[in-house]
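A.B. asks: What follows is a structure written as structure tokens; I'll ask about it next.
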Amino acid sequence: MASQDWFDKDFYAILGVSKDASDADIKKAYRKLARKYHPDQNPGDAAAESKFKEISEAHSVLSDPEERKEYDAVRAMGQGARFTAPGAGGAGGFEDVFGGMFGGPGGRGTRYTTQQGAGQYDDLLSGLFGGGRFGQPTGGYGGFGGPTRGRDVTASTTLDFVTATKGDRITLQTAEGREITVNVPAGVADGQKIRLRGKGHPSPDGGEAGDIVLTVKVRKHPVFERDGLNLRVNVPVTFVEAALGATIQVPTLGGDPVKLRVAPGTPSGRVLRVKGRGVETKKGTGDLLAVVQVAVPSHLSKEAEEKLREFAALLPDENPREDLLAKARGH
């Protein structure tokens, strides 16, 4: 970091803490602001990215006891001082800052040496300007704090239902035409984000590359749908099967059908469970939920209609909606 930044920026104000804040207070304030302005939480927001860099810069200085001590000293002695390039309007420049430190107006004619040698002031300037002799850059944001991490990239991809459920290894192409391989974990849900470490923009100064934050969209399946780790499927049964009971076949995702027993008198909407035939992930395995749907015939022959009327005459005289109507009237 250039020392001028230390004069211009109030790192305490940036983090919203007092000048006598403890290390714990500084850390707490930084974490709160970092969560709010992190680029992952504000994709494409240049203002948030700039704010995140600013609070990271402030935290880097104030969280280091030595850096904080030097920062406080510089701020205390240099209120109103400015660095100007040689010939940029006046004879000030660095002399304006260090003249007051070593005596003499603007420091003119002062030799910055001691009986122990000139190295002491090299050390002082090194601390102010970032590590090397007289401000030699050390990399990172503004020349401070190590190499800069590359920017993250946001992207999206659409997966078919089976790939998202079972997991697979796929190849994607970036906007720059670069191919990357992605291991899709089993059980990825629609809208879920996958972070691809080191696949984003490279660092401008040899640091760690950014990530790709990949949002997954999952195509709907014509038969199955996700219910957490379970798979849900609607299974039609005839009126006779539901009334008298039957053994039926139920499809599974990517496997052979399984047989299920439908008990006599099974109503529409009842859920039959097949253990362990849902989504299989590292966190666990779900079940297959077969939802019974009683299919009503839409076309009856005249003979079938007559038989059905005879059957209806044999049934008890009861209204299956009586309880529903009573509850509605009571509320």
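No lab work stands behind these numbers, since they all come straight from the coordinates. Only a predicted model underlies this, so the values are computations on that prediction, with no experimental measurement involved. Every residue, glycine as well, gets a Cβ built from its backbone with ideal geometry; the counts of neighbours run over all protein chains shown.
A.B. asks: Rg over Rh of the range 224-298, using C-alpha atoms and the Kirkwood radius, what does it come to?
C.D. replies: Working: Rg = 13.0 Å, Rh = 12.8 Å.
When Rh is taken as the Kirkwood radius, the ratio is 1.02.
A.B. asks: A further question on this structure: Regarding the range 161-312, what are the three Cα extents along the principal axes, ordered largest first, in Å?
C.D. replies: Largest first, the range 161-312 extends 87, 30, 21 Å along its Cα principal axes.
A.B. asks: Find the percent of Cα-Cα distances in the range 175-228 that exceed 15 Å, and round it to a whole number. Could the numbers behind the result be given before it?
C.D. replies: Working: 863 of 1431 pairs.
The answer is 60 percent, as a whole percent.
A.B. asks: Report the extension gain between LYS307 and LEU244 in nm, rounded to one decimal, defined as 0.36 nm multiplied by the number of residues separating them, less their alpha carbon distance. All intermediate terms of the calculation are to be shown ahead of the outcome.
C.D. replies: Working: separation 63, 0.36 × 63 = 22.68 nm, distance 1.66 nm.
Between LYS307 and LEU244, full extension yields an extra 21.0 nm.
A.B. asks: Now, a different point. What are the radius of gyration and Dmax of the range 184-266, computed over its Cα atoms and given in Å?
C.D. replies: Rg then Dmax for the range 184-266, in Å: 22.2, 75.
A.B. asks: Could you tally the net charge around VAL296, taking each other residue with its Cβ under 14 Å from the Cβ of VAL296, Lys/Arg +1 and Asp/Glu -1?
C.D. replies: On the way: positive: none; negative: GLU241, GLU305.
Once all neighbours under 14 Å are counted, the net charge is -2.
A.B. asks: Just subtract the alpha-carbon distance of ASP20 and LEU172 from 0.36 nm times their residue separation and send over the number in nm, one decimal. Write down the numbers at each step before the final one.
C.D. replies: Numbers: separation 152, 0.36 × 152 = 54.72 nm, distance 5.09 nm.
Extra length available between ASP20 and LEU172 comes to 49.6 nm.
A.B. asks: Compare the peptides 150-160, 36-46 by average per-residue count of other Cβ atoms within 10 angstrom and give them in order, highest first. Walk me through the intermediate numbers first.
C.D. replies: Working: 150-160: 15.3, 36-46: 13.6.
The peptides rank, most packed first, as 150-160, 36-46.
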